[in-house]
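The values are calculated or read from the model by the stated rules, or taken from the named source; none is laboratory data. Note that the structure is a prediction, hence the values are computed from the model and not measured. Note: ideal-geometry Cβ built from the backbone for every residue, glycine included; neighbour counts use all protein chains shown. Ligands, DNA and RNA are stripped out before the accessible areas are found, and what is left, the full protein with its side chains, is counted by its heavy atoms. Shrake-Rupley method; radii C 1.70, N 1.55, O 1.52, S 1.80 Å.
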Amino acid sequence: MATPDPSRQVEAALLGGAPHLTRRQVAERVGVPLALAEELWHRLGFPHHGDDDVAFTDADVEALSLARDLVMLGILDTESQAALVRTWGRSFARLAEWQTDLLARRALDSDEPDLRITELTAEVLPRLEVLQSYIWRRHLASAANRMLTPTTVATAGEATTTLTVGFVDIVGYTTQSRNLSEAELVAWVEGFEDTATTVVTDHAARVIKTIGDEVLYVTDDPVAAVEVALTLTERGADPDDPFPQVRAGLAHGQVVVRLGDVYGSTVNVAARLTSLARPGTVVVDEGLQHVLVGLATPDEDDPDEPDDDEADEPDGSERGGIAPYDEVRRRAEELADDAYQRARDALSLLTGEESPEHLPYRFRKIRRASVKGFPGLRGRVLRRAEPHG
C-alpha cells in the first residue's frame, strides 16, 4: 500500500478536498470565459496550470462564482477588480509564506515531521481562519470610521484626506546586515518592526507598511505623529536599549488613500526628508511646523474684556496715583516675559533655532537640498524644547 503524500494531504485539508477539476472545467461551471478566470488567477499570483492539469477543487468554483457576483453587483469594475485582486494576492501570499514557515519549523521538531505537519494543519487551520476573519472585520470597522469622517472627501474617484505621514528608517542597515547571521538579521528586523508597530499603535496612529529597515505610518493627529518619531529616535539613542538607531522624516498635507496604501506629494516629501535626517534626528516639513505652532498658540485675551482677576481691582487713580503692589508685580512679570521672548527671537535669527515659548518642541532650519523630485527641499530638525526658568 502506497504511503500517503503529506503534501497532498495538506493540500486537500486546505482546499476542502483533493483537486479533481481542470481550469476549463472551473470556468464552465461558473459560466465565465476561461480568459477571465485565468486573468483572475494570474493577478492572485497562483501557479500557472495547463488545460489538462487537474489542479482545482470545488472551492475554486465557489471563489470564481463569488468574484463574478461582485462584478455583476457593480462593486468591482475592471480597474478596481485588478487592483484589489493584486492586493489580495500579494498580502495573502506573504501571510501564507510566514504561516507555512512557522508550521514547518514546529513540525521539524517532531520525530515524524510529515505526520506532524498534517496534524498541525488540521489543528491550526480552523483557528487561524477564525482569527483572520476577526482581524479583518476589526480593520474594516476602523477603516469605515476613518472613511466616513467629514475630513475625507472624494477627489477624482480616490479617498483624499489630510494626514501626517511619517517614515522611520534604521541607520546603518546595510552595514549591520553584513555583520549578522541570517537568523540574527531576521530577529533584529522583527524586533524593529514589533517595537515600531507597538509605539505607532500606542499613539493611535496606524502602520501602512514595513519595508525591511523602514516603517511608514500615518495619523490625523500631528502631535501623535511627532511623538511616535521622537519616541523611536530616543529609544534608538539609548545604548541600553536593543532598539536600533533610527532617523525619521514627517510631512503634513493631502494624501490619497487607496487599497490600504497612501500616495501623493506629502508621502514623497516625508520619504525625502528621512534621507536628509541625521542619525537620531527627526526632520519635518514646513507644513507640519506651521500646524504644530498653530495648535499650540494660546488664545489671545479679548482687549475689550478685562480678566476676572482684574475686573474689580481699583486702578492707580483710586489710590492716589499709586498702583497696587500686585498690579506692579504682574506688569513687571509681563515685561520680563516679553524681554525673554524677544531675546529668544533674536537668538533664533542668529542660530536658526525656532521655538515659540508655548510650544513643547523647537525647530532648527537645515540647508536646502536637491533630492529626487524636490529641488531645494528644506526641512526643520524637530527636538523637544528644554524648559527654561
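At-a-glance table
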read-out: Candidate set: segment 95-130, residues that are assigned to a loop (DSSP other than H, G, I, E, B) and surrounded by 10 or more Cβ atoms within 10 Å (Cβ to Cβ); chosen: the one farthest from the chain's Cα centre (by Cα); value: Glu112
read-out: Selected residue [at pLDDT below 80 and surrounded by fewer than 17 Cβ atoms within 10 Å (Cβ to Cβ)] from Ser177, Ser133, Ser142, Ser181; value: Ser142
read-out: Search result, residues across segment 253-278 that are in contact with a Ser or Thr (Cβ under 9 Å, 6 or more places away or on another chain) and open to solvent by 10 Å² or more (accessible area, probe 1.4 Å); value: Gly253, Gln254, Val256, Val257, Leu259, Gly260, Asp261, Gly264, Thr266
read-out: Only one of Ala67, Ala55, Ala18, Ala63 that is touching a Ser or Thr at 6+ places or on another chain (Cβ under 9 Å) and surrounded by 14 or more Cβ atoms within 10 Å (Cβ to Cβ); value: Ala55
read-out: Residue match in segment 71-83 (condition: in contact (Cβ under 8 Å) with a residue 60 or more places away in the chain, out of contact with any helix residue (DSSP H, G or I) (no Cβ under 7 Å at 6 or more places or on another chain) and open to solvent by less than 40 Å² (accessible area, probe 1.4 Å)); value: yes
read-out: Close pairs (9 angstrom Cβ cut-off, 6 or more residues apart or separate chains): within 16 Å of Arg235 (Cα to Cα) in segment 181-194, at pLDDT below 85 and assigned to a helix (DSSP H, G or I) anywhere; value: Trp188/Gln176; Trp188/Ser177; Val189/Ser177
read-out: Output for segment 182-213, where each listed residue is under 14 Å from Val228 (Cα atoms) and charged (D, E, K, R); value: Glu193, Asp194, Asp202, Arg206
read-out: Where Glu62 falls short, out of the listed (1) modelled with pLDDT of 80 or more; (2) among the acidic types (Asp, Glu); (3) under 32 Å from the mean Cα position of the chain (by Cα); value: (3)
read-out: Residues (farther than 25 Å from Thr87 by Cβ and of a type in the set (A, V, I, L, M)) located in segment 270-290; value: Leu273, Leu276, Ala277, Val282, Val283, Val284, Leu288
read-out: Positions within segment 270-283 being hydroxyl-bearing (Ser, Thr, Tyr) and assigned to a helix (DSSP H, G or I), in sequence order; value: Thr274, Ser275
read-out: Residue match in segment 213-229 (condition: among the β-branched types (Val, Ile, Thr) and open to solvent by 40 Å² or more (accessible area, probe 1.4 Å)); value: yes
read-out: Single unsatisfied condition, His203 versus (1) at pLDDT 80 or above; (2) open to solvent by less than 50 Å² (accessible area, probe 1.4 Å); (3) touching a Ser or Thr at 6+ places or on another chain (Cβ under 9 Å); value: (2)
